[in-house]
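Each reported figure results from applying straightforward, stated rules to the coordinates on display, with no laboratory input. Values in this document were obtained by computation on a predicted structure and should not be read as measured data. Using ideal geometry, Cβ is built from the backbone for each residue, glycine included, and neighbour counts are taken over all protein chains shown.
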């Protein structure tokens, strides 16, 4: 097998441009997750009769919906974990963070970044927070669905429960991403300062 031939290009992006593009891609993925979570929450609200629309479902369909919701929640948590790893890799690419420094008390190494990078990081933080809000809404809809709070199925109790551990893991991932964004902009760890 031979190596692929990469044609000569007139324009090669700089490292800073690549970092900005990668940060934008993470922000777009976070926005996509937020939209997906809102759509799924709206679907569950329709079943619960909370959206103005009313969808009647059999008990078997409600159980199937609850199981699908739990699976989707797991997939979203894993996707968020992958986005966290992607953000860490972007920081390493930019030389922002010394991976050997495991001491939590030491602040992360950072650069002030340029205006474009700061703007993108602000957008990324906003996207992360939107995805978090949508995820929390989705979890609360799943909990309501599992509690059986529908008009025609008052006593239906769906198998399983929305696991608080999943929400804790998700919250940890969100906080880690926000901290990395703070490090990118020169804020101290945990201080969103100019990012809001």
How do 139, 77 rank when sorted from fewest to most other Cβ atoms within 10 Å of their own Cβ?
77, 139
Extension gain residue 24-residue 114, at 0.36 nm per residue separation less the Cα-Cα distance, in nm?
30.9 nm
State, to one decimal in nm, how far the label point of residue 15 lies from the label point of residue 85, with both points 7 Å from Cα in the Cβ direction.
2.4 nm
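Take each of the peptides 123-134, 55-66, average the number of other beta-carbon atoms within 10 Å over its residues, and list them starting from the highest.
Details: 123-134: 20.8, 55-66: 14.8.
Taking the mean over residues of other Cβ atoms within 10 Å, the ranking is 123-134, 55-66.
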Round to the nearest 0.05 the FRET efficiency obtained for residue 169 and residue 39 when R0 = 25 Å and r is the Cβ-Cβ distance.
0.65
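So if R0 is 22 Å, what FRET efficiency would residue 50 and residue 71 give, r being the distance between their Cβ atoms, rounded to the nearest 0.05?
Working: r = 22 Å, r/R0 = 1.01.
So, using R0 = 22 Å, E works out to roughly 0.50.
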